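Here's the structure we're looking at; comments come further down.
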Amino acid sequence: MAVTEMYFDPIWFLFVIPPMLLAMFAQWRVKSAYHEMSQMPARMTGFQAARAMLDSAGLTQIGIEQTPGELSDHYDPRAKVLRLSSNVYSGNSMAAVGIACHEAGHAMQDAMHYAPLVIRNAAVPAAKIGSGLGGTVAMVGLAFGLQPLVWVGVIAFAAVAFFQVINLPVEFDASNRAKHQLVAQGIIAERDLPFVSKVLNAAALTYVAATLQALMTLAYFLFRALGDRR
């Protein structure tokens with residue numbers, strides 16, 4: 001029997017349903033904005049835009065590769081490589097150049113040792129452990145009335161919440177760098193900036209939703225852990 005079947009608490013829904021709905025809306029919004037702005041032509045492909053942005057910052061050593069999937073774009077700080085999905089890599093649309101330059105923004109952050117990025121990267125191992133075990137351990141503790149186990153789960157899941165919180169300035173800063181460089185490098189005209197912003201702002205909402213989900217889940221565990229002490 002699963003832990004969620006052993007321990008059912010209606011109050012849980014009050015904490016998790018609102019951020020879950022926001023996350024669903026954010027996912028719909030980013031896909032909608034991406035597909036809409038994929039129809040708006042740009043002067044360069046995503047690869048060319050990212051290359052221009054990196055080269056202008058002196059980051060000629062940073063590679064750019066294609067990666068499978070849609071919206072699977074990311075910067076790998078260990079390999080020092082931007083990995084762009086095929087539609088972004090070869091697409092010459094507002095969506096493609098915006099996403100490509102956002103990832104190039106992460107490479108610029110890495111090169112300058114941007115403090116929130118350094119902290120976020122350092123928090124990754126603890127966040128992975130907390131994501132995999134924190135919630136489960138806390139639920140087992142609640143199901144069997146094991147207060148110490150609940151607190152172990154709370155502490156582990158707190159790493160997830162911290163990671164999401166510190167991730168917000170990292171993502172917002174990368175988008176701001178992208179918007180600035182897109183205009184500064186002549187990749188888009190300033191009048192076209194709202195088109196790129198539509199995609200990047202929609203993506204930002206997904207980060208906000210993920211942060212809210214983590215914080216509300218942590219708040220629920222804390223609510224139950226402190227409540228059981230009365």
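Figures for the structure shown
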item	result
Residues of the range 171-205 classified as under 11 Å from the mean Cα position of the chain (by Cα), without any contact (Cβ under 8 Å) to a residue 60 or more places away in the chain and open to solvent by 30 Å² or more (accessible area, probe 1.4 Å), total	1
Among the candidates Ala189, Ala143, Ala204, residue that is under 17 Å from Ala33 (Cβ atoms), among the aliphatic types (A, V, I, L, M) and out of contact with any Leu (no Cβ under 8 Å at 6 or more places or on another chain)	Ala204
Cross-chain or 6+ apart pairs with Cβ under 8 Å, the range 13-40 first and within 30 Å of Arg191 (Cα to Cα) and among the aliphatic types (A, V, I, L, M), then assigned to a loop (DSSP other than H, G, I, E, B) and open to solvent by less than 80 Å² (accessible area, probe 1.4 Å)	Val30/Leu71
Count - residues of the range 94-137 that are in contact with a strand residue (DSSP E or B) (Cβ under 9 Å, 6 or more places away or on another chain) and either aliphatic (A, V, I, L, M) or assigned to a loop (DSSP other than H, G, I, E, B) (or both)	6
For Met94: the one exception among (1) touching a Phe, Trp or Tyr at 6+ places or on another chain (Cβ under 9 Å); (2) at pLDDT below 95; (3) among the hydrophobic types (A, V, I, L, M, F, W, C)	(2)
Check on Ala23, in a helix (DSSP H, G or I) and closer than 25 Å to Leu222 by Cβ	yes
Subset of the range 18-31 [farther than 15 Å from Ser72 by Cβ and open to solvent by 40 Å² or more (accessible area, probe 1.4 Å)]	Pro18, Met20, Leu21, Leu22, Met24, Phe25, Trp28, Arg29
Of the criteria (1) within 18 Å of the chain's Cα centre (by Cα); (2) at pLDDT 95 or above, which one Glu70 fails	(2)
Per-region count, the range 140-170, residues within 26 Å of the chain's Cα centre (by Cα), farther than 12 Å from Ala225 by Cβ and touching a residue at least 60 places away in the same chain (Cβ under 8 Å)	1
Residue match in the range 192-199 (condition: more than 18 Å from Ala95 (Cβ to Cβ), at pLDDT 95 or above and part of a helix (DSSP H, G or I))	no
Residues of the range 53-86 classified as surrounded by fewer than 20 Cβ atoms within 10 Å (Cβ to Cβ) and assigned to a helix (DSSP H, G or I), total	3
Failed condition for Ala49, given (1) over 30 Å from Gln213 (Cβ atoms); (2) aliphatic (A, V, I, L, M); (3) open to solvent by 50 Å² or more (accessible area, probe 1.4 Å)	(3)
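Every residue, every condition in (1) of a type in the set (S, T, N, Q); (2) within 30 Å of Gln185 (Cα to Cα); (3) surrounded by 19 or more Cβ atoms within 10 Å (Cβ to Cβ), yes or no:
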site: Gln109; (1), (2), (3): yes, yes, yes
site: Met112; (1), (2), (3): no, yes, no
site: Val118; (1), (2), (3): no, yes, no
site: Gly130; (1), (2), (3): no, no, yes
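The values are calculated or read from the model by the stated rules, or taken from the named source; none is laboratory data. Since we're looking at a predicted model, the values are computed, not measured. Positions of Cβ are generated from backbone atoms using ideal geometry, with glycine treated the same way; all protein chains shown enter the neighbour counts. We work out accessible area using only protein heavy atoms, side chains counted, and drop any ligands, DNA or RNA first. Shrake-Rupley method; radii C 1.70, N 1.55, O 1.52, S 1.80 Å.
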